[in-house]
Each structure stands twice: as C-alpha cells, then as structure tokens.
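Before any comments, here is the structure.
The values are calculated or read from the model by the stated rules, or taken from the named source; none is laboratory data. Since we're looking at a predicted model, the values are computed, not measured. With ideal geometry, Cβ positions are generated from the backbone for all residues, glycine too; neighbour counts draw on all protein chains shown.
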Amino acid sequence: MRTTTVRRRLLAATALLPVLALAACGSDPKTAAQPGAGQAAVDAAAQDLVSGVAKSDAAAALLPEDVRKAGTVKFGSAIASPPAAFYPDQATKKAAGVDIDFTDAVAKVLGLTVEREEAAFETILPALGSGKYDVGTGNFGVTAVRLKTIDFVTYIDDGQGFAVKKDNTSVQPVTDLAQLCGLVIGTGAGTTFETTLNAKKNVCTDAGKKPFEVKAFSDNGATLTGLQQGRIDVVMSTINGLRYQASQEASGTKFLGEFHRLDVGFAFKKGSPLAPAFQAAVNQLIKDGTYDKIVKKWGVVDSAIKESQISPPEHV
C-alpha cells in the first residue's frame, strides 16, 4: 500500500471519529469496525456461506493448465466500505462483503486459493495490464470505455446513485445532471462516477448555468467527511453503498435514488483466459443456491443477476 494512501486514510479516520464512536458504541476500540460499518454489516460478516461450497470439475477444467497447477490466483482488491468490501474488525484486517464472498466462493468452485492484496481503486485496472494482478475487484462497473482494455465477468448489478446530508431538502432525486449545476459533487477517484461527471459538465454551461464542481477522493471516509462538513453538497457513488450508508444513523446521509444501473464484474486484462472459468463458476453458484444466499446476506437482492456474462455491453 502506498504511503500517501495510508496518510489519507489516517486523516479520514481522524475526521470521522464522531461517526466511528456512534457506529462502534460499546465495542473494544482495538477491534472496532471500519468507519461506516454498522452492526448489521459486522453481524453479516460473521455468517460463513463459503466454506461449504463444492469444487466443480467442469468449471475448473476451463482454467489454463498453469493456473490449475499453481492453484492460486492473484487479486487486487479495493477495500472501501460495506456492503461491497470492508474490514469488520480493524485488528485482524480480514475483509468481508459482497465482493469478498463472491471472490472466495468462485475460488472454491474452481479449486483455487485466493492471494488478495488491498490496492487503491484507481490503481487496480492499470495493474491488470502489467500482470501484477490476475483479477481485480472493487465493485467495477462495466462501461464502454473500460471494455476497450478490460474484460469483465459479471456477478451483480449495481450502478450510480446520489446522496446528500439528511437535512438537505434543496436537492431532489437526480434524473438529469443539469440539476447539479452550481453544486460541489464528491466522488471516488478513478471511478465511473468521476468519468460521468467530468464528461457532462457542459450540460450546465450549455444551459447558461454555473457548472458543477467535481472533487474526487481516494478514500470513501474522506468523501463522507466532506459531505458532513459541508465542503461538498452531493455524493455520487454506488447505489448499494449509498443505500447502506444512509441506513446508518451515524452517517447523517439521505439516499436520493438511482441514476444509472451498471453490471458489475470481476475485472481481467483484455483476452484473459481466466474469464470463461470465472463465468462458469458464478453460474454454478447461481445454480446451487449459494449466489442467492450471498445477496440475501448482504441485503442486495435487488442487484441479483440471473446469469453471468463475459463483457456485456454497457447498460444504456
């Protein structure tokens, strides 16, 4: 992990002490959950749905021979916030969440061991091309731009949404980015949200209005702090993440609604021979019922898919 990333996280954690105190009330500070992880997420993390998953010889046969022999696969994973991926216990640093359960379950189906390295979201996709990682996870949405250099194996349907402070009554559910003119929007660095916002600033100037300002953060905690302190007006992030965050009283946020749905998938360098095996593994989990149990565990049933696909076109 880069030193600058660590410094950002320490600063964000310090700024979020009031939130952490509420979220982890009565807990041992040495084992307090990641900021933003309420008790529901911590309880869900304790449910083991993966250890009993059986290997599928048919799916494993689709793996390249060298991977089958090595028995391991290298993951670059963004560990940001529930329900996608977070640390329910900061002392053990054992990650949990939707991304983690699906990663570990797919590995069980394929008879592989996961070598997971935490990485900043914006660094993962470029690292696939260099061979540093075999697979990337970070709630990566399938977009036309990413499909030029990345292959995806879909496992859930999430997308883009907006949130504001709970007491904000001036911003209504966003159906058009022109509604954001003159506001400061906080979002994640290197995300589809940042790309979408920067590509559409002209909607305001074309209408003769002041453009919205985009502030990108490498840490989810820093984005939330910016909203709480009034340095940003609106947050754009994942639908499931914002819904979960709004359900936590300590966050003081309100989910404004869905803006644009996106398939989410395991990310691979273009043409990776691992993709067919991962697709078969996800479909096996759907068939044997494990998939349904995972989405119910994390409260994301509305994001369930019926069949995994390899690099489908972006939702329009």
*Could you list, in sequence order, the residues of the range 276-305 that are of a type in the set (D, E, K, R) and more than 20 Å from the chain's Cα centre (by Cα)?*
Lys287, Asp288
*Any idea which residue in the range 42-61 is surrounded by the fewest Cβ atoms within 10 Å (Cβ to Cβ), counting only those that are over 27 Å from Pro273 (Cα atoms) and of a type outside the set (D, E, K, R)?*
Ala46
*Taking the range 62-92 as the region of interest, how many residues are assigned to a loop (DSSP other than H, G, I, E, B) and either within 19 Å of the chain's Cα centre (by Cα) or surrounded by 15 or more Cβ atoms within 10 Å (Cβ to Cβ) (or both)?*
12
_Looking at (1) crowded, with 21+ Cβ neighbours inside 10 Å; (2) within 15 Å of the chain's Cα centre (by Cα), which one does Arg261 not meet, given that it meets all the others?_
(1)
*Please list, ordered by first then second residue, the pairs with beta carbon atoms under 7 Å, 6 or more apart or interchain, first in the range 199-212 and modelled with pLDDT of 95 or more, second of a type in the set (Val, Ile, Thr).*
Pro211/Thr205; Phe212/Ile185
*Just need a number here: residues in the range 201-226 that are assigned to a loop (DSSP other than H, G, I, E, B) and either within 23 Å of the chain's Cα centre (by Cα) or crowded, with 19+ Cβ neighbours inside 10 Å (or both).*
3
*So is Thr196 of a type in the set (Ser, Thr, Tyr), surrounded by fewer than 22 Cβ atoms within 10 Å (Cβ to Cβ), within 21 Å of Phe255 (Cα to Cα) and in contact with a Phe, Trp or Tyr (Cβ under 9 Å, 6 or more places away or on another chain) or not?*
yes
*Go through (1) under 26 Å from Tyr155 (Cβ atoms); (2) at pLDDT below 50 one by one and return the number of the condition Ala33 breaks.*
(2)
*asked:* Residues that are crowded, with 23+ Cβ neighbours inside 10 Å and not in a strand (DSSP E or B): does the range 248-256 have at least one?
replied: yes
*So how many residues does the range 118-127 have that are more than 25 Å from Val300 (Cβ to Cβ) and in contact (Cβ under 8 Å) with a residue 40 or more places away in the chain?*
2
*Which condition breaks for Thr113 when tested against (1) free of Cβ contacts under 8 Å to residues at least 12 places away in the same chain; (2) closer than 28 Å to Asp292 by Cβ?*
(1)
*Mind counting the residues in the range 237-258 that are charged (D, E, K, R) and within 20 Å of Thr196 (Cβ to Cβ)?*
2
*Taking the range 290-316 as the region of interest, how many residues are more than 20 Å from Ser272 (Cβ to Cβ), among the small types (Gly, Ala, Ser) and in contact with a Ser or Thr (Cβ under 9 Å, 6 or more places away or on another chain)?*
1
*Return yes or no: is Val282 without any contact (Cβ under 8 Å) to a residue 60 or more places away in the chain, among the hydrophobic types (A, V, I, L, M, F, W, C) and under 19 Å from Ala84 (Cα atoms)?*
no
_Can you pull out every residue in the range 182-200 that is closer than 26 Å to Glu122 by Cα and over 22 Å from the mean Cα position of the chain (by Cα)?_
Leu183, Val184, Lys200
*Top-ranked residue of the range 44-89 - restricted to ones that are polar (S, T, N, Q) and in contact (Cβ under 8 Å) with a residue 60 or more places away in the chain, ranked as farthest from Gly190 (Cα to Cα)*: Ser56
_Residue, surrounded by the most Cβ atoms within 10 Å (Cβ to Cβ), within the range 278-302, restricted to residues that are touching a helix residue (DSSP H, G or I) at 6+ places or on another chain (Cβ under 6 Å) and small (Gly, Ala, Ser)_ = Ala281
*asked:* Where the second residue is buried (at least 23 other Cβ atoms within 10 Å of the Cβ) and among the basic types (Lys, Arg) and the first is within 16 Å of Leu197 (Cβ to Cβ) and free of Cβ contacts under 8 Å to residues at least 60 places away in the same chain and lies in the range 221-236, which pairs have Cβ atoms under 6 Å and are six or more apart or on separate chains?
replied: none
*Which ones in the range 99-158 are over 13 Å from the mean Cα position of the chain (by Cα), aliphatic (A, V, I, L, M) and not in a helix (DSSP H, G or I)?*
Leu112, Val114, Val135, Ala144, Val145, Ile150, Val153
